[in-house]
1. Among the candidates 40, 68, 64, 73, single out the residue that is without any contact (Cβ under 8 Å) to a residue 12 or more places away in the chain, under 30 Å from residue 353 (Cβ atoms) and of a type in the set (Asp, Glu).
2. Quick check on segment 182-191: of everything there that is in contact (Cβ under 8 Å) with a residue 24 or more places away in the chain and surrounded by fewer than 20 Cβ atoms within 10 Å (Cβ to Cβ), which residue is nearest to residue 164 (Cα to Cα)?
3. Residue pairs, Cβ under 9 Å, 6 or more apart or interchain, first in segment 132-151 and in contact (Cβ under 8 Å) with a residue 12 or more places away in the chain, second part of a loop (DSSP other than H, G, I, E, B) and of a type in the set (Gly, Ala, Ser). List them.
4. So in segment 123-159, with the set limited to residues that are modelled with pLDDT of 95 or more and hydroxyl-bearing (Ser, Thr, Tyr), which one is farthest from residue 193 (Cα to Cα)?
5. Would you be able to tell me the number of residues in segment 417-445 that are within 19 Å of residue 97 (Cβ to Cβ) and crowded, with 19+ Cβ neighbours inside 10 Å?
6. Only one of 37, 77 is over 30 Å from residue 1 (Cα atoms), small (Gly, Ala, Ser) and outside the structural domain of residue 419 (by TED's automatic domain parsing); which?
7. Which of the residues that make up segment 91-109 are at negative phi, out of contact with any Leu (no Cβ under 8 Å at 6 or more places or on another chain) and not β-branched (Val, Ile, Thr)?
8. Which pairs turn up if I take residues in segment 195-210 that are under 12 Å from residue 223 (Cα atoms) and look for partners that are of a type in the set (Ser, Thr, Tyr) with beta carbon separation below 7 Å, at least 6 apart in sequence or on another chain?
Amino acid sequence: MITGNDLLALGYRQGKWFKTAIEEINTKNLEGEAMISYLEAHKPPPMIPLHAGSIPFYENIKAENEIEQSNIEKVRSTMNELMKTPTVVKGAIMPDACPAGPMGTIPVGGVVATRNAIHPGMHSADICCSVMLTNFGKVNPKAVLDMAHKITHFGPGGRTLDKQFPLSKEIFEEFIDNPLLNSDKSLKVAQEHLGTQGDGNHFLYVGVSKNTGDVVMVTHHGSRAPGAVLYSNGMKIAEHFRKNISEKTMPENAWIPSDSKEGEQYWRALQTIRKWTKENHTVLHQKVCDMLEITHNARFWNEHNFVFKDDDLFYHAKGATPLDAKFMPDITGPRIIPLNMSQPVLIVEGHNTENNMGFAPHGAGRNMSRNKHKQSKGEKSHQEIFDEETEGLDVRFFSKQIDISELPSAYKDAEQVKSQMKEFGLASIVDEIMPYGCIMAGDWEATMPWRDKKKGKE
């Protein structure tokens, strides 16, 4: 009787195929050359190795100080490891690049093109994080911000039943029709999270167009729990493939072959999540219009965390704004690049070049982690820091708790980002939305029960 140990001794790689092979060999009493012939015909293909060296990538970034130099070195190091992934053919980093995750994972502000492969880890859990702009014309910006504050939702979880928006029939049916989205959990959060913005750096911003004086609202958020569920499913599928086709690839960089059944399902699911996210923005914008009885002058949006397809190449953008029209089938306007709550939102246009790969920055980026930034603020109170950095602006935290990790000083200098956009030919600024005020989640965890000290205990 032939066993798995016998096949291992012959040099064959263990896998699910062993069970069938052993049964076939023992049932048919295959021996010698006949057995070897069968095994050679049915063994899995050899593992795909990593690239021998790092595939070169474009650096659309430069350091203005020591902190930024340290940041660039970290970004460069992680990109060098990432670019050894077998599917990778080219890549680029933007002026707002900063590390995110273990060494070898895609940084924020990174773009990586792969051949015939979709990498869930390269678009991150916040699938289709994006920005939408609505032009309200000549109205009172405070009225817009006040109404938006009443309508929006920040923080964890979704909306209660009495405050939910109706999910469109088209998107609901697409969830039902895709096995990666058709689950009780996905369908539940698709309804409950519609019209929610989450936390972190997500915001609702009201400002005034430098060109026209029109009042403008910009929202920034992604696909919330529906996207997170798909991401989790995608990573599990990718890991299954990794173990069978490229075990040397980092688990974070595992991929789904685009021509597989799973790849086709995942690609369709991504497009559905994209539609859901766009609707997630739209319901908030339209509700503000309706409540203020305003007909908007213009509305457009763009994602910056997504996968874009061009022939057999899949462009993974994690914090990078698509410029090339081929990446956005529903394009209705220029692109939106926010910087921070105290500086303008940039309205830009641009073209595909060799070094930008059809992308621009998505914001100002961070030079240090949230915790390091908090530690850098010294002994001043959060209120003092907040007052200094938001003077003259109507800045609100939905949780009523200041989050200093989201104040302007947490981000790179916006003027430098604008300068480097011009220097590297990433995009041209066609308008700027000057800040009036904004809403963010704030430090909603500050009042959570697990942070409360037990009575009588220091």
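The values are calculated or read from the model by the stated rules, or taken from the named source; none is laboratory data. Given the structure is predicted, the values throughout are model-derived calculations rather than measurements. Cβ placement follows ideal geometry from the backbone for every residue including glycine, while neighbour counts extend to all protein chains displayed.
1. Step by step, each of 40, 68, 64, 73 is checked, and only 73 is without any contact (Cβ under 8 Å) to a residue 12 or more places away in the chain, under 30 Å from residue 353 (Cβ atoms) and of a type in the set (Asp, Glu).
2. 191
3. These pairs meet every condition: 133/333; 138/213; 151/195.
4. 134
5. 7
6. 77
7. Across segment 91-109, the qualifying residues are 92, 96, 97, 98, 99, 100, 102, 103, 107.
8. If the second residue must be of a type in the set (Ser, Thr, Tyr), the pairs left are 197/152; 197/219.
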